[in-house]
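Down below is the structure, laid out as structure tokens.
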Amino acid sequence: MRDSTMEALAEWVAAEDGSRAEKFDGYVYGIAQARYVIRKVFRMVDDEARKRGLEPLQHQALLQTFGSGAGPLTVSGLAERLDIVPALASRLTKELQKRGLVTRREHATDRRVTVLEVTPEGLELLREIDNAVHVHVEYFQSQLTDHQRQAALVIMAFYIGLGSPSRLRAILSSAAAG
């Protein structure tokens, strides 16, 4: 990470609530940049998924099923990660199963729970989409200024909780002091 970006993150972490309020214009600028980056990148991802026959929510379901990091994902866990009702998550996974992209099976000890797993075909599709997206994202990144990147990164740091006690906050705070 560039030193100026680390400094911007460290400055944000070290700032008191009052000083952030005083810099409201910069804060809103950061929100605008973060949302701009997120929307552009998500549009690229959604377009590449559609080119391969997946609706954006189906693609997100496939991503979450494979990449949640919580071991095998259940339908209710998928619903939570997608912020949708379990019935919609169940319908999405049935559609993905019909395409051979996921498998659904009963939980070993609770027959009411459905466990999901991405198939090799589903994983290959995720890789294809990711490879196609990288080309577009690299070009998009080249269009951003360092100031836009820093502003977006600072807001993302806020969104993920760097304002609360965490190991990463401690690292950034020590970077500000050093």
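At a glance:
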quantity: Selection from the stretch 72-81 of residues that are part of a helix (DSSP H, G or I) and either in contact with a Gly (Cβ under 8 Å, 6 or more places away or on another chain) or farther than 24 Å from GLU48 by Cβ (or both); calculated: VAL75, SER76, GLY77, ALA79, GLU80
quantity: Test set (1) within 27 Å of ARG149 (Cβ to Cβ); (2) in a helix (DSSP H, G or I) - GLY69 fails condition number; calculated: (2)
quantity: Unmet requirement for ARG35, which otherwise passes all of (1) open to solvent by 80 Å² or more (accessible area, probe 1.4 Å); (2) in a strand (DSSP E or B); (3) not small (Gly, Ala, Ser); calculated: (2)
quantity: Residue identified as modelled with pLDDT of 95 or more and either open to solvent by 50 Å² or more (accessible area, probe 1.4 Å) or β-branched (Val, Ile, Thr) (or both) among PHE24, PHE66; calculated: PHE66
quantity: Qualifying residue in the stretch 44-59 (condition: at pLDDT below 85, acidic (Asp, Glu), open to solvent by 60 Å² or more (accessible area, probe 1.4 Å) and not in a helix (DSSP H, G or I)); calculated: no
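This table checks each residue for (1) in contact with a strand residue (DSSP E or B) (Cβ under 7 Å, 6 or more places away or on another chain); (2) under 30 Å from TYR139 (Cβ atoms).
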{"position": "VAL37", "(1), (2)": "no, yes"}
{"position": "GLN64", "(1), (2)": "yes, yes"}
{"position": "GLY69", "(1), (2)": "no, yes"}
{"position": "LEU73", "(1), (2)": "yes, no"}
{"position": "LEU82", "(1), (2)": "no, yes"}
{"position": "ARG104", "(1), (2)": "yes, no"}
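The values are calculated or read from the model by the stated rules, or taken from the named source; none is laboratory data. Because the structure is predicted, anything quoted here is derived from the model rather than measured. Note that each Cβ is placed from the backbone with ideal geometry, even for glycine, and that neighbours are counted across all protein chains shown. The accessibility values were calculated without ligands, DNA or RNA, using every heavy atom of the protein model including side chains. Shrake-Rupley method; radii C 1.70, N 1.55, O 1.52, S 1.80 Å.
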